[in-house]
Amino acid sequence: MQTEEMRRFEEFDAAFPDYHAEMVDGEVYLSTVVTSPHGNMLLALASQLVGEWSVMTRVDTVHEGWHGKTLVKKYAQAGIPYYLIVNPIEGKCLLYSLPEGEHYRASLETDFGKPVPLGEPFDLALDTTALYTY
């Protein structure tokens, strides 16, 4: 049996076909549909890490205490050491690092084309020259 909340969510999701809606901890999150350019940029970044590290684009894990927290707070609370946001509209990368509690203690914004330095355990800089705006 479908709840009223789920019915409204499905109507909302159908009304905005250019966005992906999902419910996380009872909250609705919207994101644009992943496009080929986005996928290409993801591959350009992930290929720099896959030789040594596991690379994921989604976290399907529920961490105790996540309910009602924003995604950045959730990642910090779960101890995700680096959280990279690639913004193809502004041509910028935003890297959060040094998680402590519900917050990241450090953030670094760089323009596409400039390296994004990662600390331990990676000790490398991501090459962003293949990233582009759209």
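Worth a mention:
- Residues located in the range 72-107, provided they are open to solvent by 50 Å² or more (accessible area, probe 1.4 Å), touching a Phe, Trp or Tyr at 6+ places or on another chain (Cβ under 7 Å) and among the hydrophobic types (A, V, I, L, M, F, W, C): 98
- Complete set of residues in the range 108-123 that are part of a strand (DSSP E or B) and surrounded by 14 or more Cβ atoms within 10 Å (Cβ to Cβ): 110, 116, 117, 118
- Strands (runs of 3 or more DSSP E) (entirely within the range 1-100) containing at least 3 residues that are at pLDDT 70 or above: 82-87, 92-100
The values are calculated or read from the model by the stated rules, or taken from the named source; none is laboratory data. Keep in mind the model is a prediction, meaning the values are calculated, not measured. Glycine also receives a Cβ, built like all others from the backbone with ideal geometry; neighbour counts cover every protein chain displayed. Areas reflect the complete protein model, heavy atoms only, side chains present, ligands, DNA and RNA absent. Shrake-Rupley method; radii C 1.70, N 1.55, O 1.52, S 1.80 Å.
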